[in-house]
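Beneath this line is the structure, given in structure tokens, with notes to follow.
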Amino acid sequence: MSLVRVHNFSISIDGFGAGEGQQLDAPFGHAGTRLLEWALPTRTFQQLGFHGEEEGSNGIDETFASRWASGIGVEIMGRNKFAPQRGPWDEDWNGWWGDNPPFHTPVIILTHHPRPTLTMDGGTSFHFVDASPAEALEQARALAGDLDVRIGGGVSTVRQFLEADLIDQMHIVLVPIVLGRGERLWDSLEGLEQRFHIEAAPSPSGVIHLTFARRH
């Protein structure tokens, strides 16, 4: 069976994966880009359109960042990763990423307000479903074929899949900042470490890459 994976998911040292006050010009709320600054210079993120260095950096951060798309057939994300609004949809809103989003696969968006499938350039299609994590995973696997499913976030979506014990592999990036408020990843997940083999790899950028692999 295909694996369920999380990649490049950054949290502060006090456990927050997003700041408070998400809005159109602040997708991560008051955290701004601080949770992503380790990734922005990498070759992978430069190729995704985060312009800066022409080639992007290599090294340990790039090694981890580059794994996010390999073998992935579908992403599942929460509504807040797709849009800053709540309630019924403004159907003129097609996501943060422009006409050619970086996913290039089907994407299942968890929402209490389903809407028609949105087909974008480059092979990305957004499917809006009202479903539990297990139900969404069943739909994702039907779309993914033999490929893996990526849980893309945001924080509550990753936490819900962990609570349901549906994640096989996870890459968490511990960023040396203190946010103080926002949405915390680890709430209600006491004893999570018993389910996974966990390894830590420090980076010269100051972050620590934590990898979780399900115990068999």
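The values are calculated or read from the model by the stated rules, or taken from the named source; none is laboratory data. As the structure is a prediction and not an experimental result, all values here were calculated from the model. A quick note on method: Cβ atoms are made from the backbone with ideal geometry, for glycine too, and the neighbour counts reach across all protein chains shown.
Miscellaneous remarks
- Scanning the stretch 145-155 for residues that are of a type outside the set (D, E) and at pLDDT 95 or above yields a total of 6.
- Number of positions in the stretch 1-41 that are more than 12 Å from the chain's Cα centre (by Cα) and under 13 Å from V178 (Cβ atoms): 10
- Just one of the listed residues (E20, E37) is under 27 Å from R86 (Cα atoms) and acidic (D, E), and it is E20.
- When restricted to residues that are more than 29 Å from Q139 (Cβ to Cβ) and in contact (Cβ under 8 Å) with a residue 40 or more places away in the chain, the stretch 1-25 contains 8.
- Within the stretch 5-35, the set of residues being exposed (fewer than 15 other Cβ atoms within 10 Å of the Cβ) and among the aliphatic types (A, V, I, L, M) comprises I13, L24.
- Breaking point among (1) more than 20 Å from L40 (Cα to Cα); (2) touching a Pro at 6+ places or on another chain (Cβ under 6 Å), for N80: (2)
- For I172, the test of being crowded, with 19+ Cβ neighbours inside 10 Å, out of contact with any helix residue (DSSP H, G or I) (no Cβ under 7 Å at 6 or more places or on another chain) and at pLDDT 95 or above is passed.
- From the list D165, D130, the lone residue that is within 14 Å of G78 (Cβ to Cβ) and either modelled with pLDDT of 95 or more or of a type in the set (K, R) (or both) is D130.
- Residue that is modelled with the highest pLDDT, among those in the stretch 57-87 that are in contact with a Ser or Thr (Cβ under 8 Å, 6 or more places away or on another chain) and among the hydroxyl-bearing types (S, T, Y): S66
- Against the test of being more than 23 Å from Q169 (Cα to Cα), of a type in the set (D, E, K, R) and modelled with pLDDT of 90 or more, the options D25, D90, D99 yield a single qualifying residue, D99.
- Taking the stretch 175-209 as the range and being of a type in the set (A, V, I, L, M), surrounded by fewer than 17 Cβ atoms within 10 Å (Cβ to Cβ) and under 20 Å from F28 (Cβ atoms) as the test, the residues that pass are V178, I208.
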